[in-house]
Every structure is written in C-alpha cells, then in structure tokens.
Amino acid sequence: MTEFTLASSNALGILIIFGIVWIVWGWYLGRNNRTIDDYALAGRNVGFAMATATAMATWITSNTTLVAPQLTYQFGIWGMLGYSMAALGLILFAPLAAKIKALLPNGFTSGDFIYRRYGKASWIAFMVISLCYALGWLVSLGMAGGLLLSSLSELDYYTGMTAILVICVVYTLLGGLKAVIATDFVQSIVIIVGVVFIAWVCIDQVGFTAIHSNLTASQPELLNLLFPAAIMFFFNNVFFGIGEIFHSNVWWSRAFAFAPSIGKKSYLTAGLLWLPIPIVTGFIALAASSLNVSPPSADMVGPMVAAALLGKIGAVFIFIVVFSALASSMDSLLAATSDLLTQDIAKRVFMTKASSNQLLKINRLIVIGLGLSTWCVAALKLTTLGALLNFTGAFVAATIWPIVYGIYQPKLSGGYAALAMAFGTAAGLIGYFTIGFYVAAITSCAISLAICRIGIWRSQSIFTWHSLQE
Amino acid sequence: MQPKNLCFTSNYFILFAGILIFTAQVIAAEGPQSFTSNDGTLTISWQSDFSNFTQFQIIDKYGQVQVSYPVIAEQGWVVSGLANGQYKVQLTHQHKNYLIGTVEVRHYSLKIAFILFALGALMFAYLVLTLIKQNGTRA
C-alpha cells in the first residue's frame, strides 16, 4: 500500500454517491420512455451537442484513461501518438453515419444492415464477431473498474467490478439510450476537465525539462522515433480503432438515434475533440520516472502518476475521472448490445411478430442478463486488460471492408463478405497467437480486404440499395 | 491443409517468426536469471524476500545506475524504454546487493517494423481514398 491509498470507507462513500446520482438521473430521464424507439434510440432525434458528447465520451474508455498511459509508458512518443490515431475511427465513420441514416432511415442495428445487405451467412459471421467483441469490451470494463478500485483504495477487485456493473446496469435499465447519452454528456465534461487538470499539474510540478532529462537518462527509447516495436504498433492500432467503430452497434445505434444531418457533423467533431485526449492522458506517463514511480503493472501507470502528483486528493480525483470513463463506455455498450440481441436475435429469430412493448421488456431483461454474464466472466479474471482488448482486434478489423463495401460497393456478395470476415478473423487470431498483438488487427484487415477484392472482381450480381428500405 | 487465402499470411509469418517474440515476462525465481526483451520493457514480479531491500536498480554495461526505484511491499516493477544492451537487475539495501538477474535488450529489426508500417500506411490510404471517392460520387 502507498501513501495515497484511499481508506475503504472513503472509497465506498464515493461509490455510493456516484451510484445514487447516476441511477436517479437515469430514472428521471427514462420516465417518459413508452416505445422501443424511445428506449433504444432516444426517439431518433438527438441534437448536435448531445450527439457529439456521447460519441466522444463513449470513445473515452478504460483504454483512453488506463491503456493510453500504458502504451506511452511502453512505446513513448509513438505510443502516445499512435493511440490518439484511434480518433480516425470516429472521423472516418462520419461519412458512413450519414450514409447509414440515408440508406436505413428506420434501421435499428448494424446486424440489421448486414442481414439485409448480405443475407444470413454474413449475418451469422457478423453476429459472432460483434458479440465476441461486445462481451470482450464489457468484461474489460468490468475488470478495469475492479483494478482501479483495488489499486487506489483498500477495497478489493470484486467490489469495484460489482459496483461499476450494478450502477451502469440499473441506470441503463431505467433510462435507456436517453439516460446513456445524457450521462455521457456530463461524464465527458468530468473526464476532459480531469485529464487537462492532471496534465497541467504534471507540467507545473515536474516540468518538461525534468521529464526530458530523466527520460534521456533512464528510458531513452521512449524518446526515440525509430523505436521498432512502437512503429509496428502504430497502424495496427489505427485498424483496431477503425474496426471497433465501423462494426459496433454502439456507433450504429447512435447514427440511427441522431437527428437527420447530425450524424456526420457529430462524429467528425467528436473525433477531432477526442484526438488530443490520449496525448494528454498518455503524457503524464512520461513523468513516471521523474516522480520515482514504477508501476507493478503497466496499465496502472496513469492512476499511479496522478495519485503521486496530487496525493490522496489526486486518488479521489482520478478515481472519479476513470470511473466516469468506464461508466460512459459500459452504459453505451450495454444499451447497444441489448439492442443488437433484441432486434437481431429475439425479434428476427424467435419472435418475429413481437409488439413494441414485448420488445421493450425483452431489451430490459437482456440488459440484466448482459450485466450478470459480464460479472461472471470478469470475476474469473482470466487475463490482463491489455491482452483481452488486443485479442478483439483480430475480430473487429475483419469487418472493416465488408462494412465499407457493403455501403458503397454493390458488387460484393454475401458469400464473399462472410468469407472475408471469417478468414480475416482466423488470420488475425493466428497472428495474435504466433507473433503478437502488434499484427493481429492489421493481418485480419489485410486478409479481409484481399477476399473482398476477389469477391468484387468475380462478382456477377449487383445489389440494389433501395431494397434495404423495404 | 492451409487455405490459399492464407498464403500471404504464411509468408508473412515465416518472415517475422524468427524476429518477433513476445515481451519478456519475468518470473522471479531463486538465483540470478537471464532475461531478454524485444521492446525494451521488463517486468519483475514481487517476491517475498525482496522486502529485505530498499532500492530496485538496473545497472548498464558501464556499471552506471540506469534506473532506480524504491521497493514497495507486494509491488513488482515494470521498467520500459531500455535501449539495446545488457543490464544487471539488482536490489540494494545500504551496501548489500542482491542480483535478480541480467537482461539483454535487443529491439526488433527496424526494417521489419518499416515493412509493417508501410503495409498499414498503404491500406489506410486506400481506405481513405475509397471513402472520399465514394462520398464524392454519391453525394
């Protein structure tokens, strides 16, 4: 235990206050939800400010607040810049969001699009990838809550993990997407103010000169622009980020929920606003050696440096900021994954004639089920946070080209799209296990692209876009 | 049998397999050990007998202290950013030293790193061009 470790009573107090505020607010926002459209897509009329804030806050995850400092600590300048390139996912999704809304004005999920555009085989491949990714991300967020609490306070891993899950499940259950978007708005403000404040304190107390001279003496590779592992990591991370956003229903459900003409502007603005955040969060990791901080696990370097800079108050501060980041992602993921399961599995496969009320009830039951499943897997603590996240890169990067060509290229057929996703994922996983996480996403994406191009080259059919609206 | 679609990946693996290996995950054990790292990162897990010491140090080949951190009970260390070379990893207390082991840092080949970078850059440029072209023609 260090001098900045919070007492159990203080940590529990913060958790309880946090929980009550978010849950009551969620209930207040969701009290007028009457239909599945209100609950799942916030009435399809979200304005620019809320749309931008929710897109940005959702993308500020445990990755941004815990893994960006970790990658900076391991890969230096390249790690910091490489991580910020995940903003390209949001920026490149901007034109897609506009097109998606135009092609499917009454659409619900990304699975919905894949089914109508490519048919059943692709839809099955896509759903497997999407659910593997969603569960992986949910579990990583639960684990991050547990790790955060156990590293900054005397509470154990299970308390933190349970707390974040219970709070997010309850307010998502009560408020639906409306609550998710509104809490994201507040959480994004807390996160930005928090990370900027910590970076300012870091510069003020440690200073660029001290950081530079300490790094030069003790961690010289972090300043080296010809750092091979970091160069390898750069584009792998770009495609991981793009794959995460292009395929996930978290982002598609927002494209459907945003008011007409809002999606493109919101995603573009959110991407540009998000871009500097990993640089700020990552930067503080460079001060670790100057502050005599060596983390026991690389993903805890951010909170440890912040706590070392600000003492016990810093521990409370970073606790609130990171907990906000975790909550803003977990609620979005719970809402989007429950929509995907409701619309794509429950409605499409089991209850084709279900009413709006029935779907609403099913959606809520799925939110609870997802929370319980996440708890069970996260409790096992099978792997580390970074390893779990990077594993999903092999899955999501395989969907980039089938999504892009699905929207813009009428010649790609469902069979080739399914093959591209399946073989791309398999190649990415082989890369992950035989080489390392540096190549999982990029290999997956390259193989998927090659199969899609063969499919387009050999294609005999042309897809007609207006059939999506039927 | 390997599917034809994986030919590219197979060649790719043969090219990289001899060079890329995972970051050294160091498990402390009795007596000095030899560690290797390909990305300049070294992880040392906590051992109960480490509590007899006050400082954790990494010494370069010239005998200079490269990094020095305090020993905190139950916490190991992750050290990053080490340049190519051989180092000694040790614990100290007053004038007493305990050698945990030696580490050899040999970074991945720059040539291979740039090949991967170029592949990523090309694919990214193609993705951006596709999006720009399609949005321009269908606007």
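The values are calculated or read from the model by the stated rules, or taken from the named source; none is laboratory data. No experiment lies behind these values; they were computed from the predicted model shown. FYI the Cβ positions are ideal-geometry reconstructions off the backbone, even for glycines, and counts take in every protein chain you see.
Take A:Leu215 and tell me if it is buried (at least 20 other Cβ atoms within 10 Å of the Cβ), modelled with pLDDT of 90 or more and farther than 15 Å from A:Phe437 by Cβ. Here the answer is yes, as A:Leu215 does meet what is asked.
Filtering segment A:225-236 to residues that are more than 7 Å from chain B (Cβ to nearest Cβ) and farther than 11 Å from B:Phe117 by Cα leaves A:Leu225, A:Phe227.
Any chance segment B:82-101 includes a residue that's within 23 Å of A:Ala285 (Cα to Cα) and at the interface with chain A (Cβ under 7 Å from one of its Cβ atoms)? There is at least one residue in segment B:82-101 that is within 23 Å of A:Ala285 (Cα to Cα) and at the interface with chain A (Cβ under 7 Å from one of its Cβ atoms).
If you go through segment B:54-64 and keep only what is more than 9 Å from chain A (Cβ to nearest Cβ) and touching a strand residue (DSSP E or B) at 6+ places or on another chain (Cβ under 8 Å), you end up with B:Thr54, B:Gln55, B:Gln57, B:Ile59, B:Asp60, B:Lys61.
Taking the conditions (1) more than 10 Å from chain B (Cβ to nearest Cβ); (2) surrounded by 22 or more Cβ atoms within 10 Å (Cβ to Cβ); (3) among the acidic types (Asp, Glu) in turn, A:Asp204 satisfies each one other than (2). It is to be established whether one or more residues within segment A:423-436 are part of a loop (DSSP other than H, G, I, E, B) and more than 10 Å from chain B (Cβ to nearest Cβ). No; the residues of segment A:423-436 include none that is part of a loop (DSSP other than H, G, I, E, B) and more than 10 Å from chain B (Cβ to nearest Cβ).
Residue count for segment B:105-118 under the criterion of being farther than 30 Å from B:Val89 by Cβ and either assigned to a strand (DSSP E or B) or more than 7 Å from chain A (Cβ to nearest Cβ) (or both): the result is 2. Going through (1) at pLDDT below 85; (2) not in a helix (DSSP H, G or I) one by one, A:Ala307 falls short only on (2).
Considering only segment A:313-320, I want to know if a residue exists there that is under 17 Å from A:Ala11 (Cα atoms) and either among the small types (Gly, Ala, Ser) or at pLDDT 85 or above (or both). Checked against the condition, which is being under 17 Å from A:Ala11 (Cα atoms) and either among the small types (Gly, Ala, Ser) or at pLDDT 85 or above (or both), segment A:313-320 yields at least one hit.
For segment A:148-158, the count of residues that are in contact (Cβ under 8 Å) with a residue 12 or more places away in the chain, assigned to a helix (DSSP H, G or I), more than 18 Å from A:Phe395 (Cβ to Cβ) and in contact with an Asp or Glu (Cβ under 9 Å, 6 or more places away or on another chain) is nonzero. The set of residues in segment A:25-52 being closer than 16 Å to A:Lys265 by Cα, surrounded by fewer than 24 Cβ atoms within 10 Å (Cβ to Cβ) and at pLDDT 75 or above consists of A:Phe48, A:Ala49, A:Met50.
Among the residues of segment A:408-439, the ones that are within 28 Å of A:Gly79 (Cβ to Cβ), at pLDDT 90 or above and surrounded by 23 or more Cβ atoms within 10 Å (Cβ to Cβ) come to 4 in all.
Select from segment A:358-379 the residues that are within 20 Å of A:Leu177 (Cα to Cα) and free of Cβ contacts under 8 Å to residues at least 24 places away in the same chain and list them in ascending order. If the condition is that a residue be within 20 Å of A:Leu177 (Cα to Cα) and free of Cβ contacts under 8 Å to residues at least 24 places away in the same chain, then A:Gln358, A:Lys361, A:Ile362, A:Leu365, A:Gly369, A:Leu372 are the ones that fit.
Which of the residues that make up segment A:237-246 are within 14 Å of another protein chain (Cβ to nearest Cβ) and more than 21 Å from A:Val46 (Cα to Cα)?
Hits for segment A:237-246 are A:Asn237, A:Val238, A:Phe239, A:Phe240, A:Gly241, A:Ile242, A:Gly243.
Looking across segment B:36-55, just one residue is acidic (Asp, Glu) and assigned to a helix (DSSP H, G or I), and that is B:Asp49.
For A:Ala450, are the conditions met, namely being at the interface with another protein chain (Cβ under 9 Å from one of its Cβ atoms) and either more than 19 Å from A:Ile407 (Cα to Cα) or outside any helix (DSSP H, G or I) (or both)? Spelling it out, it is not the case that A:Ala450 is at the interface with another protein chain (Cβ under 9 Å from one of its Cβ atoms) and either more than 19 Å from A:Ile407 (Cα to Cα) or outside any helix (DSSP H, G or I) (or both). Please indicate, with yes or no, whether at least one residue in segment A:125-133 is farther than 30 Å from A:Leu147 by Cα, at pLDDT 85 or above and assigned to a helix (DSSP H, G or I). There is at least one residue in segment A:125-133 that is farther than 30 Å from A:Leu147 by Cα, at pLDDT 85 or above and assigned to a helix (DSSP H, G or I). The set of residues in segment B:71-85 that are over 17 Å from A:Leu222 (Cβ atoms) and surrounded by 14 or more Cβ atoms within 10 Å (Cβ to Cβ) comprises B:Val71, B:Ile72, B:Gln75, B:Gly76.
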